[in-house]
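Comments concern the structure below.
The values are calculated or read from the model by the stated rules, or taken from the named source; none is laboratory data. These figures come from a predicted structure and were not determined experimentally. Quick reminder, even Gly has a Cβ in these numbers, built from the backbone with ideal geometry, and neighbours come from all protein chains shown. Heads up: the accessible areas ignore ligands, DNA and RNA and are worked out on the full protein's heavy atoms, side chains in. Shrake-Rupley method; radii C 1.70, N 1.55, O 1.52, S 1.80 Å.
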Amino acid sequence: MYELTINQLSHAEFLSQYWQKRPLLIKGGFTDFEDPIEPEELAGLAMEESIESRLITNHKNDWQSYHGPFEDFSKLTEQHSTLLVQAVDHWHPIAAKLLEPFRFIPNWRIDDLMVSYSTPHGGVGPHLDQYDVFIIQGQGKRHWRVGLPDVNLKQFAQNKSLLQVEQFDATIDAVLEPGDILYIPPGCPHEGYALENALNYSVGFRAPDQKDFLSGFADHLIDSEKGLTRYSDPTLSIRDSKGELTAQEVVQIQALMQDTLNDPEQLKQWLGAMLSQPKHDMDLAPLDPPLSTQDLAMYVSSNEVIERAGGVRAMYQVLPESIVISVNGENYSLAEKHLESIKLLTDLPHFLGSEIEDSLKCIEFAQMLTKLFNEGTYFLQEDD
């Protein structure tokens, strides 16, 4: 397990002083850092059709971007090239452990682990991200520059899939070595170029915008056949102008729309499903033959270690008379007495079966866990 130190700051101090406020260089954030993945393994992932990958080159400032899957790596040249693979935590259990030290940020905010391999002078150019990111330096060295948000900075497209930003003043200008980490808040321009063959690990965070929430909720209303109350105006009276949409009518329409958001249980059910939905495919191993609920207690003996698969998104919400646990886009409603067991499922990457022994006696909890085992989102840890 990796142990994160943030320049002698506590997690609470980091959140109050830096989170979404200003960038931070964390020297030696991971001491004696060892790469969880080799460049050859990363290349193997980039050859898979279900895994999102890109290869970016910048020969003589001619920026080109190629999308995987890749059959060969002839374009990954000895200099000026970068291979990026998204959601590596979904496919590589050892690399997935790199996310755990950052879970002092709530689970629903953590997105995935992107891994990049660059040859000397390779990078993606100066750019902005609209989400927080921790960038961990693996093997090799990389020169990074990071600036503060500047509304006057102009963005432009080098090609259709590579958005960059003009040059900026840097508040951080440093060479990162293995175990060093950069924290970059949203909107901070940054650029990094490898000084030698280098691996980098980016822990990204989700930040849905207003249209994401509104369009997602609209889809939920359609799927669940909710929000069917129609506009009505029983107090309509004669007016001078037939072409006017009055301010009062706008208020009524706004109130009609707002009413759909004023049902806390419906809103929480939708949020749980939406925010726990993975954006990328996963490497799950469903049980074959599937487990029955009747055999669950025997399957999970007290000394068995239950592990959550890499990339699984799990969170819960407390309702007035129940708890909704959301796993990979599906909701399960359970009694409040199962809170501690639910916390184990959502807070920890692994725990002992004995810790949920009492909850296994509840048919609703047992049915949920049986389904999760059968899907492969949770599994029993194999003996070494």
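For the residues Leu176, Leu236, the requirement of being open to solvent by 90 Å² or more (accessible area, probe 1.4 Å) and not polar (S, T, N, Q) singles out Leu236. When restricted to residues that are of a type outside the set (Lys, Arg) and either in a strand (DSSP E or B) or in contact with a Cys (Cβ under 8 Å, 6 or more places away or on another chain) (or both), region 130-166 contains 20.
Select the strands (runs of 3 or more DSSP E) contained entirely in region 1-82, then report the ones holding at least 2 residues which are open to solvent by 30 Å² or more (accessible area, probe 1.4 Å). Even if it seems obvious, please write down each step before you answer.
Working: elements: 24-26, 53-59, 62-67.
Qualifying strands (runs of 3 or more DSSP E): 53-59, 62-67.
When Ala194 is tested against (1) farther than 29 Å from Glu3 by Cβ; (2) touching a strand residue (DSSP E or B) at 6+ places or on another chain (Cβ under 8 Å), exactly one condition is not met: (1).
Taking Glu364 as the residue in question, decide whether it is part of a helix (DSSP H, G or I) and out of contact with any strand residue (DSSP E or B) (no Cβ under 7 Å at 6 or more places or on another chain). Give the steps one after another, and end with the answer.
Values: part of a helix (DSSP H, G or I): yes; out of contact with any strand residue (DSSP E or B) (no Cβ under 7 Å at 6 or more places or on another chain): no.
For Glu364, the condition - part of a helix (DSSP H, G or I) and out of contact with any strand residue (DSSP E or B) (no Cβ under 7 Å at 6 or more places or on another chain) - is not met.
Residues in region 267-287 that are open to solvent by 30 Å² or more (accessible area, probe 1.4 Å) and more than 23 Å from Gly204 (Cβ to Cβ): 6 in all. Within region 205-216, does at least one residue satisfy the condition of being in contact with a Leu (Cβ under 6 Å, 6 or more places away or on another chain) and not in a loop (DSSP other than H, G, I, E, B)? No, because not a single residue in region 205-216 is in contact with a Leu (Cβ under 6 Å, 6 or more places away or on another chain) and not in a loop (DSSP other than H, G, I, E, B).
Checking each residue in region 114-155 for being over 20 Å from Phe14 (Cα atoms), among the polar types (S, T, N, Q) and out of contact with any strand residue (DSSP E or B) (no Cβ under 9 Å at 6 or more places or on another chain) picks out only Asn152.
For region 42-64, which positions are among the small types (Gly, Ala, Ser) and out of contact with any Gly (no Cβ under 6 Å at 6 or more places or on another chain)? Steps first, please.
Within region 42-64, the first condition is being among the small types (Gly, Ala, Ser), and the residues that meet it are 43-44, 46, 50, 53.
Residues satisfying the conditions are Ala43, Gly44, Ser50.
For every residue, the table says whether it meets (1) touching a residue at least 60 places away in the same chain (Cβ under 8 Å); (2) in a loop (DSSP other than H, G, I, E, B).
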residue: His220; (1), (2): no, no
residue: Tyr231; (1), (2): no, yes
residue: Leu245; (1), (2): no, yes
residue: Gln248; (1), (2): no, no
residue: Lys279; (1), (2): yes, yes
residue: Met282; (1), (2): yes, yes
residue: Pro286; (1), (2): yes, yes
residue: Pro320; (1), (2): no, yes
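Does any residue of region 323-340 turn out to be in a helix (DSSP H, G or I) and touching a Phe, Trp or Tyr at 6+ places or on another chain (Cβ under 9 Å)? Break it down stepwise before answering.
At the first step, the residues of region 323-340 found to be in a helix (DSSP H, G or I) are 336-340.
Keeping just the survivors that are touching a Phe, Trp or Tyr at 6+ places or on another chain (Cβ under 9 Å) gives 338-339.
Yes, region 323-340 contains at least one residue that is in a helix (DSSP H, G or I) and touching a Phe, Trp or Tyr at 6+ places or on another chain (Cβ under 9 Å).
Please specify each residue of region 145-155 satisfying the condition of being touching a residue at least 60 places away in the same chain (Cβ under 8 Å) and open to solvent by 10 Å² or more (accessible area, probe 1.4 Å). Correct list: Leu148 only. Based on what the data block shows, is Asp263 touching a residue at least 24 places away in the same chain (Cβ under 8 Å), out of contact with any helix residue (DSSP H, G or I) (no Cβ under 6 Å at 6 or more places or on another chain) and either surrounded by fewer than 16 Cβ atoms within 10 Å (Cβ to Cβ) or among the hydroxyl-bearing types (Ser, Thr, Tyr) (or both)? No: the conditions fail for Asp263.
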